[in-house]
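Enquirer: Structure below; questions to follow.
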Amino acid sequence: MQVKQTKSQWKPVSSPQMREMIEKQVFEIAARLQDAAYTAKIAENAENRFESMGAQHALFHPASLASGYTGISLLYAELDKNDPNYGWDVKGHTLLTAVQQEVQRTGIHGLGLWTGLSGICFAVHLLSRQGTRYQVFLQKLEEQLGKRLPEYLAGAKARLQDRPAMSDYDVINGVAGIGRYLLLRQDQPELVKLLYDVIAYLVALAGERKVAGKSVPAWHISKEKQATIADAERFPQGNFNCGVSHGIPGVLSLLSLALQHGVEIEGQREAIQRIAEWLLAWKQTDAYGDLWAPQLSLENWEMGKVDPFVHREAWCYGTPGVARALWLAGESLGQADWKQAALKAYRGTFRRPQELWNLYAPTICHGYAGLLLMTQRMYAESGELRAERDRLAEQVITMFSSEAPFGYYEVQRLASGDRRLHYPGLLDGAAGTALVLLSLLRAEPPEWEAALLLS
């Protein structure tokens, strides 16, 4: 598999040895993931379950962009761009057929980018070869999105006055993620109208509301709306989520990207500024550099201090994801100081000893591949961090295991020891890791990274 190189600001890796190793691994992973039945058999194995709160949970959902065939199909979409005559499109089509069959069997229950309808739209759009394929299928999916999203937004707006949920607005399930798909479809007037409605809701979210008689940022999540029982116990007065995946940085990223793409409403610039300044105000500093807590309790917010916290250098939560959101905000409003703060935070990440990164797996969401992709994006735009990018790439490459069913694996850290879990998908699995590595060979940035709101 030879990947073409041309001049580009994306700055792919140049080492022949590294490129050869990446090509070999990506090709092998693509071969292992092409059989939908084999993939499901491994992923759904009872011993391959994530342990949480005394129970085991499956992390394979066939129609999900995060963990299913939908996300895996993007690997073949990217490979097809490089070599349209190899037959990668056929493999992608096979997986889309499996998605279609799953949808017919179970329906589509959510609208989210990573978990629902807009994620399927995203994959179909990227596999369509610039709109030359799957247009009837995509039209039907988007018609569903157009019918269901207004009701979803109405509910989110109503809850904003009382107790919003993270899943109303976040990147994984909510309108920040859905909005990123709509931003890709500015050639569709009905979807553009919905995009403006999404932006209006997020601008309102960036304001304030009353909690126990006090004015607080409207993205405060009450105890009743916490994602887990453990979080409800930790935050009896609720909290503010500071992760890109589920918190306000993801909202900041979408508002900023929309502005950069010419989508603007009254109050949007002020909302970007308010969120960016709030995040900068809650920046913490250790011996190595700046960092952010994953969550901020209401009590901490009232006292103006942050309790000690466990922090990750990841996309979902941690410094790199927050810093990328600040970089995008700086780009959108011409705030060079925000961009410098973001770059400074990345420098701190790489000064911090790796054993403090709290990363264990080669995957995207909370693993090395996610940090690698964010570092690549920052290197491409700032000109800094090339050596750091290369070291991370080497690290991910060395984590490949020929004994793992899909080549790469997820890691769950438990008191009893680390467990390797074998997931095929985009967010926590082998397909995502392969896509990140493949992006280091291509001359242009990958379209699929839009799902992470990195661009």
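The values are calculated or read from the model by the stated rules, or taken from the named source; none is laboratory data. Not measured: the values here are computed from a predicted model. All Cβ positions, even for glycine, are placed from backbone atoms using ideal geometry, and neighbour counts span all protein chains on display. In case anyone asks, the SASA skips ligands and DNA or RNA and just uses the protein heavy atoms, side chains included. Shrake-Rupley method; radii C 1.70, N 1.55, O 1.52, S 1.80 Å.
Enquirer: Name the pairs whose Cβ atoms lie under 7 Å apart, with the first residue in the stretch 324-348 and under 22 Å from Glu388 (Cβ atoms), the second open to solvent by 50 Å² or more (accessible area, probe 1.4 Å), and 6 or more positions between them or separate chains?
Expert: That search, which allows pairs on different chains as well, returns Gly330/Ala336; Glu331/Gln260; Lys339/Glu331; Leu343/Glu384; Gly348/Tyr288.
Enquirer: Is it fair to say Arg180 is open to solvent by 60 Å² or more (accessible area, probe 1.4 Å), in a helix (DSSP H, G or I) and among the basic types (Lys, Arg)?
Expert: Against the criterion (open to solvent by 60 Å² or more (accessible area, probe 1.4 Å), in a helix (DSSP H, G or I) and among the basic types (Lys, Arg)), Arg180 does not qualify.
Enquirer: Then there is this: Exactly one of (1) open to solvent by 10 Å² or more (accessible area, probe 1.4 Å); (2) part of a helix (DSSP H, G or I); (3) of a type outside the set (A, V, I, L, M); (4) closer than 19 Å to Ala204 by Cα is unmet by Gln144. Its number?
Expert: In the conditions (1) open to solvent by 10 Å² or more (accessible area, probe 1.4 Å); (2) part of a helix (DSSP H, G or I); (3) of a type outside the set (A, V, I, L, M); (4) closer than 19 Å to Ala204 by Cα, Gln144 misses (4) alone.
Enquirer: Oh, and also: Given the condition touching a Leu at 6+ places or on another chain (Cβ under 9 Å) and charged (D, E, K, R), answer yes or no: does some residue in the stretch 163-180 qualify?
Expert: Yes; the residues of the stretch 163-180 include at least one that is touching a Leu at 6+ places or on another chain (Cβ under 9 Å) and charged (D, E, K, R).
Enquirer: Would you say Pro84 is part of a loop (DSSP other than H, G, I, E, B) and in contact (Cβ under 8 Å) with a residue 24 or more places away in the chain?
Expert: Yes; evaluated as a whole, the condition is true for this residue.
Enquirer: Please determine whether any residue of the stretch 33-55 is among the aromatic types (Phe, Trp, Tyr), at pLDDT 90 or above and more than 23 Å from Arg391 (Cα to Cα).
Expert: Checking the stretch 33-55: at least one residue is among the aromatic types (Phe, Trp, Tyr), at pLDDT 90 or above and more than 23 Å from Arg391 (Cα to Cα).
Enquirer: Considering each of Gly304, Gly321 in turn, give the residue that is surrounded by fewer than 23 Cβ atoms within 10 Å (Cβ to Cβ) and small (Gly, Ala, Ser).
Expert: Answer to the check: Gly304.
Enquirer: When the residues of the stretch 223-263 are narrowed to those that are free of Cβ contacts under 8 Å to residues at least 24 places away in the same chain and in contact with a helix residue (DSSP H, G or I) (Cβ under 8 Å, 6 or more places away or on another chain), which ends up nearest to Leu113 (Cα to Cα)?
Expert: Gln226
Enquirer: Here's a follow-up. Sort out which residues of the stretch 30-54 are assigned to a helix (DSSP H, G or I) and either open to solvent by 10 Å² or more (accessible area, probe 1.4 Å) or farther than 21 Å from Arg413 by Cβ (or both), and write them in order of number.
Expert: Ala30, Ala31, Arg32, Leu33, Ala36, Ala37, Tyr38, Thr39, Ala40, Lys41, Ile42
Enquirer: Could you grab me the full set of residues in the stretch 145-163 that are within 24 Å of the chain's Cα centre (by Cα) and of a type in the set (D, E, K, R)?
Expert: The answer is Arg148, Lys157.
Enquirer: Return only the number of the condition from (1) open to solvent by less than 10 Å² (accessible area, probe 1.4 Å); (2) within 17 Å of Leu205 (Cα to Cα) that Gly267 does not satisfy.
Expert: Result: Gly267 passes all but (1).
Each row is one residue, and each column tells you yes or no for (1) modelled with pLDDT of 95 or more; (2) open to solvent by less than 90 Å² (accessible area, probe 1.4 Å); (3) part of a loop (DSSP other than H, G, I, E, B).
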site	(1), (2), (3)
Gln2	no, no, yes
Ser8	no, yes, yes
Glu23	yes, yes, no
Glu28	yes, yes, no
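Enquirer: Any residue in the stretch 374-388 that is open to solvent by less than 10 Å² (accessible area, probe 1.4 Å) and either under 30 Å from Ala40 (Cα atoms) or not in a helix (DSSP H, G or I) (or both)?
Expert: The answer is yes, given that some residue of the stretch 374-388 is open to solvent by less than 10 Å² (accessible area, probe 1.4 Å) and either under 30 Å from Ala40 (Cα atoms) or not in a helix (DSSP H, G or I) (or both).
Enquirer: Is it true that His57 is open to solvent by 20 Å² or more (accessible area, probe 1.4 Å) and in contact (Cβ under 8 Å) with a residue 12 or more places away in the chain?
Expert: Values: open to solvent by 20 Å² or more (accessible area, probe 1.4 Å): yes; in contact (Cβ under 8 Å) with a residue 12 or more places away in the chain: no.
Spelling it out, it is not the case that His57 is open to solvent by 20 Å² or more (accessible area, probe 1.4 Å) and in contact (Cβ under 8 Å) with a residue 12 or more places away in the chain.
Enquirer: Which condition number does Ser118 fail, the rest of (1) modelled with pLDDT of 95 or more; (2) open to solvent by 10 Å² or more (accessible area, probe 1.4 Å); (3) among the polar types (S, T, N, Q) being met?
Expert: Just one mismatch for Ser118, condition (2).
Enquirer: Going by what's in this entry, would Leu194 be described as in a helix (DSSP H, G or I) and either in contact (Cβ under 8 Å) with a residue 40 or more places away in the chain or open to solvent by 20 Å² or more (accessible area, probe 1.4 Å) (or both)?
Expert: Yes; evaluated as a whole, the condition is true for this residue.
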